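S.K.: One structure is given below, represented as structure tokens, and several questions about it will come after.
The values are calculated or read from the model by the stated rules, or taken from the named source; none is laboratory data. Note that this is a predicted model, so its numbers are computed, not measured. Cβ atoms come from the backbone with ideal geometry, glycine included; neighbour counts cover every protein chain shown.
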Ligand code: CA
């Protein structure tokens, strides 16, 4: 109804009465949801330009009547909104579009700045209470690179990789918001020629450039989510930096997989960009050979063309006023396993998926060396150091390094949308 009356929220011609920067991440065609620290605690908002629409206040002003449950908009997380499922999120975005576009419903504009908050002043929070966090391993190029690095004499891809979207359970409690300091973790590491491991600060601290999606709706225990219907259970995407201690990981990961080498911190960007906003950027994923088993087959394109970049600024660069350097550029479209297939696989045994569960893609690497999504690949386990504009070399992260992940979508005929940032600065380890 709102859609018919006000038109397509993705229409590139739409403008807003909120001032917008043409190159910004949050035009009226995006309208991602997040949670910010506001008057009286955490509040739900939608990003537009340099502002946030306070959705709790908008609801209390009667602007969202019949669109979203007022109790869900009074909450301190997006979980109740996401529990209402994709159709409810689509309805809310369409209503926000109507309230924010120049030729739309003037009700919000009439209330003026009372419902708008400056984004630069807002402290963002993790937007959903994350019950379960899964990290996949869905980039063919990343899995191949790590196979070559760790098993140089064998077949780079393990025999199961092209059949199973490989994943493991991460630590939901360590998922933190953009800007959270990265305390260098301590752990057990063992040099190849050493007789025994030692415990101390990781010397191989790394990044992993990933996208992640939050579940909306969910399933009942014992009832798998079909691949063809899985996108109806996805609320939207954020950037994910799955910080990794490679030396800890290398010593601990066999036979059960990553544990403390990963669980110390995972940083996400604050704004959940909906699948509806990503629709103009939908693309077919890579050809899958052999064809996936039936429960992983989903007709139609399920990839998204999302441009990605990683920037790094050392303490010395910061002190000298040298801008952050781009150390990797990539695109999400090349991921072998789609989000729909990941969700279908994760629930294929009947495992429960709840609103707010986070599923990360795995490191996103492309086919060229400048498109690798981790330092262990970019420097080939430290054997080919990066040279920063300051002349410094990097094998892995040093204390004081600032890392930022960037993601955006653009193509002719569509409005450019972005995800904001997932940033972190490395701090020295505590006492070992
Ligand atoms: Ca990962």
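S.K.: Name the residues in the stretch 205-218 that are farther than 8 Å from residue 235 by Cα and away from the ligand (no atom under 15 Å from the Cβ), would you?
M.R.: So the first thing to find is which residues in the stretch 205-218 are farther than 8 Å from residue 235 by Cα, and the list is 205-212, 217-218.
217, 218 - these are the residues of the stretch 205-218 that are farther than 8 Å from residue 235 by Cα and away from the ligand (no atom under 15 Å from the Cβ).
S.K.: Have a look at 146, 157, 108 and point out the one that is within 16 Å of the ligand (Cβ to nearest atom) and more than 17 Å from residue 34 (Cβ to Cβ).
M.R.: 146
S.K.: Name the residues in the stretch 90-116 that are assigned to a loop (DSSP other than H, G, I, E, B) and closer than 30 Å to residue 232 by Cβ, would you?
M.R.: 104, 105, listed by residue number.
S.K.: Moving on. What's the number of the only condition in (1) more than 19 Å from residue 365 (Cβ to Cβ); (2) crowded, with 18+ Cβ neighbours inside 10 Å that residue 267 fails to meet?
M.R.: (1) is the only condition that residue 267 fails.
S.K.: Just give me the residues in the stretch 385-432 being in contact with a strand residue (DSSP E or B) (Cβ under 8 Å, 6 or more places away or on another chain), free of Cβ contacts under 8 Å to residues at least 40 places away in the same chain and under 16 Å from residue 317 (Cα atoms), in sequence order.
M.R.: Of everything in the stretch 385-432, those that are in contact with a strand residue (DSSP E or B) (Cβ under 8 Å, 6 or more places away or on another chain), free of Cβ contacts under 8 Å to residues at least 40 places away in the same chain and under 16 Å from residue 317 (Cα atoms) turn out to be 387, 393.
S.K.: Also: Could you check residue 85 against (1) at negative phi; (2) not assigned by TED's automatic domain parsing to the domain that holds residue 230 and say which number it fails?
M.R.: The number of the failed condition is (1).
S.K.: Which residues, counting only those in the stretch 169-185, are surrounded by 15 or more Cβ atoms within 10 Å (Cβ to Cβ) and within 16 Å of the ligand (Cβ to nearest atom)?
M.R.: Passing the criteria: 170, 171, 172, 174, 175, 176, 182, 185.
S.K.: So, residue 271, is that one within 16 Å of the ligand (Cβ to nearest atom), outside the structural domain of residue 28 (by TED's automatic domain parsing) and closer than 22 Å to residue 312 by Cα or not?
M.R.: Answer is no for this residue.
S.K.: Hey, among 425, 352, 416, 384, which residue is modelled with pLDDT of 95 or more and closer than 16 Å to residue 184 by Cβ?
M.R.: Selected residue: 425, the only one of 425, 352, 416, 384 that is modelled with pLDDT of 95 or more and closer than 16 Å to residue 184 by Cβ.
S.K.: Can you give me the number of residues within the stretch 23-42 that are more than 23 Å from the chain's Cα centre (by Cα) and touching a residue at least 40 places away in the same chain (Cβ under 8 Å)?
M.R.: Filtering the stretch 23-42 down to residues more than 23 Å from the chain's Cα centre (by Cα) leaves 38-41.
After this cut, where a residue has to be touching a residue at least 40 places away in the same chain (Cβ under 8 Å) as well, the list is 38.
Number of matching residues: 1.
S.K.: When the stretch 186-199 is examined, which residues are found to be out of contact with any helix residue (DSSP H, G or I) (no Cβ under 7 Å at 6 or more places or on another chain) and buried (at least 16 other Cβ atoms within 10 Å of the Cβ)?
M.R.: Within the stretch 186-199, just 186 meets the criteria.
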